[in-house]
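Let me begin by presenting the structure, written as structure tokens, before commenting on it.
Please treat every number below as a calculation from the coordinates, not as lab data. All values derive from a computational prediction rather than experimental measurement. FYI the Cβ positions are ideal-geometry reconstructions off the backbone, even for glycines, and counts take in every protein chain you see.
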Amino acid sequence: MKTQKLVSLFLAAQFITASAFSAEVLKFKQGCSSGDDIRIIGVGDILLHGSLQTQATKSKSRFKSLWSSLLPVINEADLAYANLEGAVAENVLRGGKEHEGDVGFTYDNQVYTAYPAFNYHDNLVSDIKDSGFDVVSTANNHSFDRESIGVDKTIQALQAVGLPYTGTKTTAFGSDEKWHTVTETKNRRIAWLACTYETNGRRDKLKQVLLCFDQKALVLKTISDLAKDPSIDAVIVTPHWGAEYQLQHNSQQSKLGREMLEAGAVAVIGTHPHVVQPWEKYTTKSGREGFIAYSTGNFVAGQSPIEKRTSLMVSLSLTARAGEKLEIRGVEFVPLLIDRSRGIQSKDMRQAYLNTPEKIAPEAVKIWSDNYSKENIMKPTRNESLESMCDLSK
Ligand SMILES: [Zn+2]
């Protein structure tokens, strides 16, 4: 596999101030595994406000202009995940009525709109797919921004480009339509399951969106069934949950996150708060090690405060002995920054530190240190490669 050197968040922060973090390193039992690695990256919300949609319509690289400097990192992962927040409903107006005639690729604020009801042109899903993403969540509080027809059209748009999705169903779903999806890489099959805490008060008469808390029993049973399925090597859950703009996760998130791991998930990658929240390693009662990132923050969004422009790309390394299920070997992070200086773009924050440390460093460091110096939060490895996650002294 190609090795992508991911300097950890720890190092990125240490670049600015050596005192912001303790030296604790996140280590897993499989850290020394010599088995094949599968590298999976997960980013946060793709939530495109008007200025971003306009930028995409004016750029040659369309929506990819919003994350073009990250394309190499996304492409080098074996699997890449993002939360697609909003509808992709061609020519559908607010309220679910269809517009007469095609308005084309534009941000007209009638068919294609932003807050409080987001709807994007179909080019978005082909650009997400072309960028190297392999799977998206469609279960979030904006799933119904174009009503039920919007859920259907979003799924049709994803199916048209062959991008797997999880967390929603079409109105025409038959009994075999599943809430989860499966991606394959290196002869291993990873199941993905998304759910959301709510749908902004919109009624889901046809049960098209999976709810994390109201349908918790179904969520946990689905995870458990997938984990027991011999054809599935790992289950990753991507809940849309938590309180917006809170730098700490709440007890509802940690309870459900741990229950998801107990049910058989190997990792939980959360979104919705629009800011980064803590992460943790959690060992299940049966001794299996799992990982929860409570919120990875905004991958690309138009919100301006620094805490909403700083986010995480989580990089999970999974490994397994032949014939066994995948386990976590290590976790690394790329700190991301949504840079608004010359066209909005989500970038690797390390480069931004190098270019303009005086501009962003103090605020960003404050956020990271406030958020990650708490006792119960495990630190990622301080080192540059997964080799350093192998601690033979343990
Ligand atoms: Zn949300």
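Taking a straight Cα-Cα cut-off under 17 Å and skipping sequence neighbours fewer than 8 places away in the same chain, the aspartates and glutamates within cross-link reach of LYS58 are ASP108, ASP122, ASP127. Legend: distances between Cα atoms for LYS129/LYS207; LYS27/LYS255; LYS186/LYS228; LYS169/LYS228; every pair falls at or below 31 Å. Amide H contacts of MET313 (H built 1.01 Å from N, in plane; Pro and chain starts excluded): VAL334, LEU336 sit under 5 Å, all sequence-distant by 5 or more or on other chains. Looking at segment 228-320, the chymotrypsin sites (Phe, Trp or Tyr not before Pro) that sit in a DSSP loop and have at most 16 other Cβ atoms within 10 Å of their own Cβ are TYR245.
To make sure I understand the rule: partners must be aspartates and glutamates, Cα under 15 Å from the Cα of LYS221, and not fewer than 8 residues away in the same chain. Which ones qualify? Excluding near neighbours in sequence, the set is ASP229, GLU259, GLU262. How about segment 239-297: which trypsin sites (Lys or Arg not before Pro) there lie in a loop by DSSP and see at most 14 other Cβ atoms within 10 Å? Within segment 239-297, the qualifying trypsin sites (Lys or Arg not before Pro) (loop, at most 14 other Cβ atoms within 10 Å) are LYS285. Of the GluC sites (Glu not before Pro) in segment 168-271, the ones in a loop by DSSP (not H, G, I, E or B) with at most 13 other beta carbons within 10 Å are GLU177, GLU244. Rounded, prolate or oblate: which one fits segment 167-273, using the alpha carbon gyration tensor with axes a ≥ b ≥ c (rounded when a/c is under 1.5, else prolate when a/b beats b/c, else oblate)? Taking the square roots of the gyration eigenvalues as a ≥ b ≥ c, segment 167-273 is oblate.
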